[in-house]
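Please treat every number below as a calculation from the coordinates, not as lab data. Just so it is clear, the structure is predicted and the values come from calculations on it, not from any experiment. Backbone-built Cβ (ideal geometry, glycine too); neighbour counts: all protein chains shown.
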Amino acid sequence: MRRLDQLLANLGYCSRRGARDLAAAGVVTVRGEVADDCAAKVEAADVRVDGEPLDHPDGLLLLLHKPTGLVCSHDEREGPNVYSLLPERWRRRNPGVTSVGRLDKETSGLLLLTDQSALVHRLTSPKHKVPKVYRATVDRDLTPEFGPRFASGTLLLEGETAPCAPAELSVLSPREAELTLTEGKYHQVRRMFAAGGATVLTLHRARFGHLALGDLPAGAWRELPLDTLG
Ligand code: URA
């Protein structure tokens, strides 16, 4: 049970004060009765706004096809962000919706977004070794040394104290490859190729664990059940 005003505010319907105005407008009902006491403790499932059940009262998990050009940071100073693709109400939720790990501004592909902080923690922890598949194009032909170097578990990137965990490289054409990582160091894919003398020109995340984008277009998202990732 939660206070009605807090529930509505946390789900992004209004501010806590604004809940009073919503209730005064007669659009909020609790078990079919127009709500007049915003401090009342209620079950989310009993509440309707404009006759509609509450919007994802138990949490949100979204699979987004991130386009290039958007950052994963909430800090507006860093430029347009992926959250701008979501409905206003979801952007006002508290706890807020955040990304599970980050993709660089110029990286496209599969990005999970959620308001479940425990899920973010679990899925980004290197302990859990969730495989992530990246497709990269590079500025020179990939020599045979890249694969064994990435797989060795000894590749130490500048500024890091621990080497990269073994990663699998699958070369698709002389300048294009898929790389599977089980961790997520800062700019890891770009830095791994750079360590071998190649600059990444385009980078796309195709898979996260068992999840793939399918035919989801860039900029679009779909909802996933909260228990999708176990
Ligand atoms: N590695 C990178 O270099 N960039 C990303 O966005 C993700 C992984």
Completion exercise
Computed on Cα atoms only, the convex hull of the chain has an orientation-averaged projected area in nm² of 14.6 nm²
Problem - Förster-model FRET efficiency, 25 Å R0, R16 and L224, C-beta, rounded to 0.05 - result: 0.25
Practice task
Using a/c under 1.5 as the rounded threshold, could you call the range 109-177 rounded, prolate or oblate? The axes a ≥ b ≥ c are square roots of the C-alpha gyration tensor eigenvalues, and prolate needs a/b larger than b/c, oblate otherwise.
Solution key: oblate
Fill in the blank from the handout: Per the rule of 0.36 nm per residue minus the C-alpha distance, extending E178 to A162 adds in nm 3.5 nm
Fill in the blank from the handout: Length gained if A118 through E78 is fully extended, taking 0.36 nm per residue and subtracting the Cα-Cα distance, is 11.8 nm
Problem - Where the Cα pairs of the range 2-53 fall when distances are cut into 5 Å bins, in % - result: 5, 26, 39, 27, 3
Problem - Pairs of lysines in the chain (C-alpha under 30 Å apart; 8 or more residues apart or interchain) - result: 12
Practice task
Be a star and scan the range 73-102 for residues whose amide nitrogen sits under 15 Å from the point 7 Å along the Cα-to-Cβ vector of Y186.
Solution key: 73, 102
Exercise for the section: Of the options V133, P166, G147, report the single residue whose Cα projects farthest towards the positive end of the charge dipole of the range 131-191 (beta-carbon charges: Lys, Arg +1; Asp, Glu -1). Expected result: V133
Completion exercise
Going from the fewest other Cβ atoms within 10 Å to the most, one would list L110, L86 as L86, L110
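So which trypsin sites (Lys or Arg not before Pro) in the range 165-230 end up in coil per DSSP with only 10 or fewer other C-beta atoms within 10 Å?
Of the trypsin sites (Lys or Arg not before Pro), not one in the loops of the range 165-230 has a Cβ with at most 10 other Cβ atoms within 10 Å.
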Practice task
Note down the nm distance, to one decimal, between modelled labels 7 Å out along Cα→Cβ at V34 and at M1.
Solution key: 2.4 nm
Handout entry: Label zone at E106 (point 7 Å along Cα-to-Cβ), backbone N below 17 Å, the range 42-81
Key = 67-72, 79-80
